[in-house]
1. State, in angstrom, two size descriptors of the stretch 139-205 derived from its alpha carbons: Rg to one decimal place and Dmax to the nearest whole number.
2. Out of Ala225, Ala302, Ala74, any idea which swings most in a Gaussian network model of the chain, alpha carbons joined below 10 Å?
3. Over the chain, what is the percentage of antiparallel beta bridges among all DSSP beta bridges, to the nearest 5?
4. Nearest 20 debye, what's the magnitude of the dipole of the stretch 141-283 about its Cα centre given +1 on Lys and Arg Cβ and -1 on Asp and Glu Cβ?
5. Return the calculated 222 nm mean residue ellipticity for the chain, to the nearest 500 deg cm²/dmol, obtained by summing -39500 (n - 2.57) across DSSP H runs with n ≥ 4 and dividing by the residue count.
6. Which value, in debye to the nearest 20, describes the size of the charge dipole of the chain about its Cα centre when Lys and Arg Cβ atoms bear +1, Asp and Glu Cβ atoms bear -1, and nothing else is charged?
7. What does the stretch 209-271 give for Rg and for Dmax, in Å, if only its C-alpha atoms count?
8. Specify which residue in the list Thr258, Ala289, Ala227 is farthest towards the positive end of the charge dipole of the stretch 176-316, using unit charges on the beta carbon of Lys, Arg (+1) and Asp, Glu (-1), about the Cα centre.
Amino acid sequence: MTNPSLLILPGDGIGPEVMAEVRKIIDWFGAKRGITFDVSEDLVGGCAYDKHGTPLHDDTMAKAQEVDAVLLGAVGGPKYDALDFSIKPERGLLRLRKEMDLYSNLRPAQCFDALADFSSLKKDVVAGLDIMIVRELTSGVYFGEPRGIFEEGNERVGINTQRYTESEIDRVARSAFELAMKRGKKLCSMEKANVMESGILWREVVTEVGKDYPEVELSHMYADAGAMQLTRWPKQFDVIVTDNLFGDLLSDLAAMLTGSLGMLPSASLGAPMDNGRPKALYEPVHGSAPDIAGQGKANPCACILSFAMALRYSFDMGDEATRLEQAVNAVLAQGIRTADLLNEEGITPATTAEMGDAVVAALDASL
Ligand code: NAD
Ligand code: IPM
Ligand code: MN
């Protein structure tokens, strides 16, 4: 049997720093669990632009289409601010999502016990929190046409278009209902049907799909009210399904329920391939964090937990995924934290590498 294949795209800023820690975890699974991946590495984002003049080379795109899973660090940075929009680092990531047709972006927000005190919200609001945001990832205002900056009379106009077809809503809704069936059987759909036609269609289609999942309790909320409810009492939610832009905002908001953006992983999944597994890209929710890049301060947990999601969703290794998640929890419980998870003066934060080493030690302890 051939080894499962993994394409690693560390990207820019803290991307390579956090990915170096994931490499340690991958090596640990090879050495201690006999789970070996065929790992290849390539460029995406600003570093790809520096080498090839494009944020994603066609060869890299082709590789991403062939492997069992892609693991990405982060893209972007101020160095690339002045680049033309079409070749900005972020376009590389958007191309991967679009061409791999990764329409269902799973962004779990789980509050690790050890961090319940750390959230900017009260402990009883977040303790034990375990919600899943399903963000539509390949359509909506991110990709709708017409788009651009145009001359109109004596001024310019910037245009983006929110656009959703029934089938696009149907497939992401189905993936959210399927997840809800495996979890708490509750799904809340968020849009703005009060002001947007795309929201009206979204609500209709989700309701229709819901008829195939009678066991799932379906509710609808306007996305602005949803943002409020997420901070008021997030534990009322189990699975949330929403569009591309609302999902982007709501998942960053949900990150702070868990303590730090440095903790939030994600899985971007497409339709099943011949082997029955979905096309998939795993990446932290956070970006390249230019303010802390190159200083060994980045929290590698979001990227490590993204690899755990790969174990679960691409490689059917749910038990090993849980082992890795528990190792992260154990490290946090020992009080080993990167700077983003500390607010008391006088405590020396762990470096990115120390955090990765601690997770490896916790994995050892799990055997
Ligand atoms: P960001 O997520 O990079 O950073 C926001 C804040 O969170 C910063 O203060 C940063 O230091 C902190 N932070 C983020 N990740 C952290 C981690 N792992 N450990 C500790 N602290 C962490 O968002 P931004 O500053 O708005 O964007 C910076 C660049 O990243 C931009 O070019 C943006 O387009 C890009 N970006 C990329 C992705 C991606 O690659 N998936 C996601 C979001 C933003
Ligand atoms: C994310 C990021 C991306 C997005 C950017 C970098 C293209 O913010 O993954 O959340 O807006 O989707
Ligand atoms: Mn985002």
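FYI, it's all coordinate maths here, none of it is from the lab. In this text the structure is predicted, and so the values were computed from the model without any measurement. Counting neighbours? That spans all protein chains shown, and the Cβs are built from the backbone with ideal geometry, glycine included.
1. 16.1, 56
2. Taking springs between Cα atoms under 10 Å, the residue moving most is Ala225.
3. 45
4. Here the stretch 141-283 has a charge dipole of around 620 debye.
5. -12500 deg cm²/dmol
6. 520
7. Taking only Cα atoms of the stretch 209-271, I get Rg and Dmax of 13.1, 37 Å.
8. Farthest towards the positive pole: Thr258.
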